[in-house]
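I have placed the structure first, in the form of structure tokens, so that the comments after it can refer back to it.
The values are calculated or read from the model by the stated rules, or taken from the named source; none is laboratory data. All values derive from a computational prediction rather than experimental measurement. Backbone-built Cβ (ideal geometry, glycine too); neighbour counts: all protein chains shown. What goes into the accessible areas is simple: the full protein's heavy atoms, side chains included, and nothing from ligands, DNA or RNA. Shrake-Rupley method; radii C 1.70, N 1.55, O 1.52, S 1.80 Å.
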Amino acid sequence: MTVSARFVGRSASVGEARRFIADALADLTGEIIDAAALMVSELATNALVHAAADFEVTIDITERSVSVEVTDAGKGVPTLRWPEDSDPHGRGLHIVEELSDRWGTRAGSDGSGKSVWFTIDRSTTPDRTGRTSRARSSQADPSGSRPWRLVRRDQRSACRTAFADRGRRLGHPVLRTGGLARLQGFERQPREAVSIGHRPADQ
Amino acid sequence: MAELGGKGTTASVEGSVGPGGVPVIAVGGEIDISNVESVRAIIDGLLDGHSGHAVFTVDALTFMDSSGIALFVQIHNRLGSIELRDPTDIVRRVIDITGLTDTFGVIP
């Protein structure tokens, strides 16, 4: 199923685009809806800031994946930046990088403008893959504090697990920092505290 | 309490004073590019003349994207120290992804 909508180039459209995708994905898991809405919010914001024009959101839902494309008339290719902690901007695409399985850009079909797209593979949601609690733990607590709280089942999300794995695969510096020490810390926690992330039935 | 935003993205900001005179600001609702400047203006007003630590209770903040991150980075730059208490899962996720968990005090 493919749906699309055009939004006028004003800031209120960003929230409207989030609600549009949340409605379109209403039958999917909350994790996918939250992640997709957040990524659309980022891409719509980029379209407004850089193109200052109308933008279009196209959503393609299949059994395997959700693909979303945000198209605007602006030029220039969005690229990942690595801002300093004190730099307020430059983080939006990191959210797309971490929450999607794939993303990219392409030039507009008529030679003007551009599209930024992302795909979420529905099969990589953790309910089906049964990933280990290590991945969850390493991502769940970058601050090293209160791990028992952050690995609680109701606090975890499919996306958190998905981007933990992505982060490991990509060597994401944010996720990598201190990760091993933290994992060891988790190993020392009482089993009740660390095993919540396991789903033995899946393994 | 200040209510910010129209029919779309809305946020609420409410200030109080905690132990030791530390500002405690409750931020709820949603923050994106459409209302972040309004939220910032209210918070700036609440923090007028204050320097040092401030606490933000964000348990009712149901959504923020990198616009909200920019807001808290700027407040952190100005004050030197902030604490975000009880973030919702999605807000926590955004902070984690953007690598600011250690910069902000995020509790828990």
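Name the single residue that is farthest from the chain's Cα centre (by Cα) among those in the stretch A:54-104 being surrounded by 23 or more Cβ atoms within 10 Å (Cβ to Cβ) and within 9 Å of chain B (Cβ to nearest Cβ).
Among those residues, the one meeting the criterion is A:Arg91.
Can you tell me which residues in the stretch B:41-54 are of a type outside the set (Ser, Thr, Tyr) and surrounded by fewer than 19 Cβ atoms within 10 Å (Cβ to Cβ)?
Of everything in the stretch B:41-54, those that are of a type outside the set (Ser, Thr, Tyr) and surrounded by fewer than 19 Cβ atoms within 10 Å (Cβ to Cβ) turn out to be B:Ala41, B:Asp44, B:Gly45, B:Leu46, B:Leu47, B:Asp48, B:Gly49, B:His50, B:Gly52, B:His53.
Tell me which residues, restricted to the stretch B:38-61, are of a type in the set (D, E, K, R), within 12 Å of the chain's Cα centre (by Cα) and over 14 Å from B:Ile107 (Cα atoms).
First, pick out the residues of the stretch B:38-61 that are of a type in the set (D, E, K, R): B:40, B:44, B:48, B:59.
Of the ones still in play, those that are also within 12 Å of the chain's Cα centre (by Cα) are B:40, B:44, B:59.
Scanning the stretch B:38-61 gives B:Arg40, B:Asp44.
In the stretch B:56-65, which residue that is open to solvent by less than 20 Å² (accessible area, probe 1.4 Å) and of a type outside the set (A, V, I, L, M) is farthest from B:Ile33 (Cα to Cα)?
B:Phe56
Going through the stretch B:62-90 one residue at a time, which ones are farther than 22 Å from A:Arg81 by Cβ and within 11 Å of the chain's Cα centre (by Cα)?
Listed by number, the residues that qualify are B:Ile82, B:Glu83, B:Leu84, B:Arg85, B:Pro87.
Of the numbered conditions (1) open to solvent by 10 Å² or more (accessible area, probe 1.4 Å); (2) touching a strand residue (DSSP E or B) at 6+ places or on another chain (Cβ under 6 Å), B:Gly21 fails exactly one; give the number of that condition.
(2)
Would you pick out the residues in the stretch B:69-108 that are among the acidic types (Asp, Glu), open to solvent by less than 30 Å² (accessible area, probe 1.4 Å) and at the interface with another protein chain (Cβ under 8 Å from one of its Cβ atoms)?
Result: B:Asp96, single match.
Among A:Ala35, A:Ala22, which is open to solvent by less than 10 Å² (accessible area, probe 1.4 Å), more than 8 Å from every other protein chain (Cβ to nearest Cβ), within 28 Å of B:Phe104 (Cβ to Cβ) and under 19 Å from the mean Cα position of the chain (by Cα)?
A:Ala35
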